[in-house]
Amino acid sequence: MLVHYISSYMDYLEVERGLALNTLMAYRSDLYSLSDFLSAFNLENLNSIQRMHLNMYIKNLYDKKYTPRSITREIASIKGFFKWLSTMEIIKHNPALAIEQPKLPKRLPKVLSMKEITELLNLNMSKLDKAVLELLYASGLRVSELTDIRIHNIDLNTRYVRCIGKGSKERIVPIGKKACSAVKSYLKERDYIVKKYNLSSKYCFIKENGKKLTRQDVYNFINNIGKNINKDISPHTIRHSFATHLLENGADLRVVQELLGHSDVSTTQLYTHISKKRLKDIYFSINKA
């Protein structure tokens, strides 16, 4: 019975909340895992599920050595699901209300210096890779936002790109001349690929075989070029660097929030901490010399 409601909840998240596919897959995995665990208790009636059952499941995650971050995500999935069950009046009480989240250590994301970014941008690479890297750094897009860009979403004349972010929220982000130049150069190559395979792909970024560029493709590419500067990096590292460099050069926090597509400015404020730490590191390195 629980599986049936999980399926209905997934439909709700996809249709009404407009959550991204990767988020939906994570929620589904978490809730199916919970369902498998609870099946041992023969809880046919959903109202029989108590807080102790959920706490036992969470303890089981700790016993399996799940990280606090993974457990936090699982709890978020559980809370969202039972809140929906309660709202739909499928259950009389919500057993997930009082579940406590584990305390997460505050971690500042990795950020590259402008010198390191310049080194990466100056590397010899394909036109596709060059366009991807330049656009990531010029716009701060999430990797999924970049791979989902349609060909009509980029206006090289006005230098803007339209993307669909989390929660299916649309935003328009300006891009610089270098990124526009790199994308323009790549699009000539793309036209050749489209004609070669007689494609009707609406996606901006496609590979040499005509298939859409995937998130994993971009992750692999960014990780590989990071080795040139002895850094373990991801597309999100480029996004973090974009935001941090903007703030370091005097950009307004609210502007950066809009560019990144953050719904809450407190998320963007994290980058002010990075800037302060970097300034402190530079200060002490100079004074040690």
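The values are calculated or read from the model by the stated rules, or taken from the named source; none is laboratory data. Quantities reported herein were computed from a predicted structural model and do not represent experimental measurements. No Cβ is skipped: glycine too gets one built from the backbone with ideal geometry, and neighbour counts run over all protein chains shown. Surface accessibility is based on the protein's heavy atoms, side chains included, excluding ligands, DNA and RNA. Shrake-Rupley method; radii C 1.70, N 1.55, O 1.52, S 1.80 Å.
Only one of the numbered conditions (1) surrounded by fewer than 19 Cβ atoms within 10 Å (Cβ to Cβ); (2) modelled with pLDDT of 90 or more; (3) touching a Ser or Thr at 6+ places or on another chain (Cβ under 6 Å) is violated by K211, and that is (3).
State all residues of segment 149-177 that are part of a loop (DSSP other than H, G, I, E, B) and in contact with a Phe, Trp or Tyr (Cβ under 8 Å, 6 or more places away or on another chain); if no residue qualifies, say none. Before you say what the answer is, go through the steps one by one.
Residues of segment 149-177 that are part of a loop (DSSP other than H, G, I, E, B), as a first pass: 149, 156-159, 165, 169, 175-176.
Passing the criteria: I149, I175.
Select from segment 69-91 the residues that are surrounded by fewer than 13 Cβ atoms within 10 Å (Cβ to Cβ) and over 22 Å from D11 (Cβ atoms) and list them in ascending order. Listed by number, the list holds a single entry, R69. Residues that are exposed (fewer than 15 other Cβ atoms within 10 Å of the Cβ), in contact (Cβ under 8 Å) with a residue 60 or more places away in the chain and in a loop (DSSP other than H, G, I, E, B) within segment 114-143 comprise just one, L123. Quick one: count up the residues across segment 1-54 that are open to solvent by 70 Å² or more (accessible area, probe 1.4 Å) and not in a helix (DSSP H, G or I). Count: 7. Hey, any hits in segment 150-160 for a residue that's hydroxyl-bearing (S, T, Y) and open to solvent by 70 Å² or more (accessible area, probe 1.4 Å)? Yes, there is a match, as at least one residue in segment 150-160 is hydroxyl-bearing (S, T, Y) and open to solvent by 70 Å² or more (accessible area, probe 1.4 Å).
Remark: pairs (first residue in segment 151-170, without any contact (Cβ under 8 Å) to a residue 40 or more places away in the chain; second residue open to solvent by 90 Å² or more (accessible area, probe 1.4 Å) and in a helix (DSSP H, G or I); Cβ separation under 7 Å; 6+ apart in sequence or on different chains) = L156/K184. Pairs are defined by a Cβ separation below 6 Å, a sequence spacing of at least 6 or placement on different chains, a first member in segment 1-29 that is under 14 Å from G80 (Cβ atoms), and a second member that is open to solvent by 60 Å² or more (accessible area, probe 1.4 Å); the pairs so defined are M10/R28; L24/E14.
Among the residues of segment 130-147, are any over 28 Å from H262 (Cβ atoms) and either at pLDDT 90 or above or among the charged types (D, E, K, R) (or both)? Walk me through it before giving the result.
Residues of segment 130-147 over 28 Å from H262 (Cβ atoms): none.
Checking segment 130-147: not a single residue is over 28 Å from H262 (Cβ atoms) and either at pLDDT 90 or above or among the charged types (D, E, K, R) (or both).
On the given criteria, is L146 under 22 Å from the mean Cα position of the chain (by Cα), assigned to a loop (DSSP other than H, G, I, E, B) and touching a residue at least 60 places away in the same chain (Cβ under 8 Å)? Criteria not met by L146.
If you go through segment 148-204 and keep only what is at pLDDT 95 or above and small (G, A, S), you end up with A179, S181, A182, S185.
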